[in-house]
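Taking it in order: structure first as structure tokens, then the write-up.
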Amino acid sequence: MTPPPLHGLAAGGLAPPHSPDWTIDQGWAAYGPAEHATWKTLFERQSRLLPGRACDEFVQGMLDLPMSADEIPDFRRLSEVLSRRTGWQVVAVPGLVPDDVFFDHLAHRRFPAGNFIRSPQQLDYLEEPDVFHDVFGHVPMLMNPVIADFIQAYGQGGLRARQRGCLTQLARLYWYTVEFGLLQQSDGLRIYGAGIASSYTESQFCLDSPSPHRIRLDLERVMRTDYRIDDFQETYFVIRSLDELLQMAAIDFAPLYDRVTGLPALEPGTVLPQDDVLHRGDGRYHHRDGSPS
Ligand code: HBI
Ligand code: FE
């Protein structure tokens, strides 16, 4: 994966200079009109789409943050509001950072956000987390005290899981909750995962399409389930309330890891007899050519 140019910092394809914690200056003044315009396009289309699709906590978080279509947000201003609410800060990084660095930030309530923005050719899809994914997708939920605590616990648990060799299992939990989680609200299924909330196409697919499975989240089940990073999810896991996440964070994962690592991993589209299935997907999207996977 070639990292996109970091408005001047990485000219010539050189890796940007980084400190041990990989943080850099956001370089807010260096964003040009084209970059703010990309933000505006993404922001407008997503904020039209999300009311009625994102959960109430997400929408409220958005409203309370100094974020608008006008320009890419300044992380310092976001952090002022966010830290008063939940004690979190947003720090700038050049893109993906090593796992241990990522976890250490989260464990200290710092959310590492990519400072670059996707190119206009990549509006709908990129794998590297950019400022739109990280800020629009994640920061509204970090205004919620429950998610704030859960993501910190993930950072703390990540360091332990890495030592035990169980990072794959923990990363699956993060993926199917913080990134691609759905929440059962009294008025229907809603989005709380940042990977969905920052995607125009997936925020429709995950709720409207008959294709994916929607299954009640069970901790061990999720820890066994592989995920796709290059396409829509085949399965979404649904929680009943955000408090369910916090209850999970209180569990000692050590005995779980022992059980789960002894079991075979599950394909992303598997449905088990014991699953509590809200919607059994017909798989038409992923299996449209008739292939088994
Ligand atoms: N770095 N900037 C950034 N953002 C992420 O979401 C991220 C990362 N490094 C590692 C990582 N995620 C994950 O693979 C861990 O959650 C396991
Ligand atoms: Fe993310």
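Here, each number is a calculation from the coordinates, and none is a lab measurement. Just so it is clear, the structure is predicted and the values come from calculations on it, not from any experiment. Please note: Cβ atoms are built from the backbone with ideal geometry, for glycine as well, and neighbour counts cover all protein chains shown.
Output the number of residues of region 168-190 satisfying the condition of being within 9 Å of ligand 1 (Cβ to nearest atom) and closer than 24 Å to residue 90 by Cβ.
Residues of region 168-190 that are within 9 Å of ligand 1 (Cβ to nearest atom), as a first pass: 168, 170-171, 174-175, 178-179.
Still in the running and closer than 24 Å to residue 90 by Cβ: 170-171, 174-175, 178-179.
Qualifying residue count for the region: 6.
For residue 285, which of the numbered conditions (1) surrounded by fewer than 16 Cβ atoms within 10 Å (Cβ to Cβ); (2) assigned to a helix (DSSP H, G or I) fails to hold?
Here residue 285 clears every test but (2).
Residues in region 137-156: is at least one of a type in the set (Asp, Glu) and within 13 Å of the chain's Cα centre (by Cα)? Let's see the steps before the verdict.
Our first condition is that a residue be of a type in the set (Asp, Glu); within region 137-156, this holds for 149.
From the residues that got through so far, the ones that are within 13 Å of the chain's Cα centre (by Cα) too are none.
Scanning region 137-156 turns up no residue that is of a type in the set (Asp, Glu) and within 13 Å of the chain's Cα centre (by Cα).
Scan 99, 104 and give me the residue that is within 14 Å of ligand 2 (Cβ to nearest atom), touching a residue at least 60 places away in the same chain (Cβ under 8 Å), within 17 Å of residue 23 (Cβ to Cβ) and among the acidic types (Asp, Glu). Even if it seems obvious, please write down each step before you answer.
Numbers: 104 fails: within 14 Å of ligand 2 (Cβ to nearest atom).
Being within 14 Å of ligand 2 (Cβ to nearest atom), touching a residue at least 60 places away in the same chain (Cβ under 8 Å), within 17 Å of residue 23 (Cβ to Cβ) and among the acidic types (Asp, Glu) holds for just one of 99, 104, which is 99.
Are any residues in region 31-45 part of a helix (DSSP H, G or I) and within 21 Å of residue 92 (Cβ to Cβ), and if so, which ones?
The first filter runs over region 31-45 and keeps only residues part of a helix (DSSP H, G or I), leaving 33-45.
Within region 31-45, 33, 34, 35, 36, 37, 38, 39, 40, 42, 43 qualify.
Are there any pairs with C-beta distances below 8 angstrom linking a residue in region 204-217 that is surrounded by 17 or more Cβ atoms within 10 Å (Cβ to Cβ) to a residue that is part of a helix (DSSP H, G or I), with the two at least 6 apart or on different chains, and if so which?
206/196; 211/205; 212/205; 212/206; 215/221; 217/176; 217/177; 217/244
Considering (1) exposed (fewer than 15 other Cβ atoms within 10 Å of the Cβ); (2) closer than 21 Å to residue 203 by Cα, say which one residue 250 fails and leave the rest.
With (1) exposed (fewer than 15 other Cβ atoms within 10 Å of the Cβ); (2) closer than 21 Å to residue 203 by Cα applied to residue 250, the lone miss is (2).
I'd like to verify a number: residues in region 106-165 that are assigned to a helix (DSSP H, G or I) and either in contact with a His (Cβ under 8 Å, 6 or more places away or on another chain) or over 20 Å from residue 47 (Cα atoms) (or both), how many?
23
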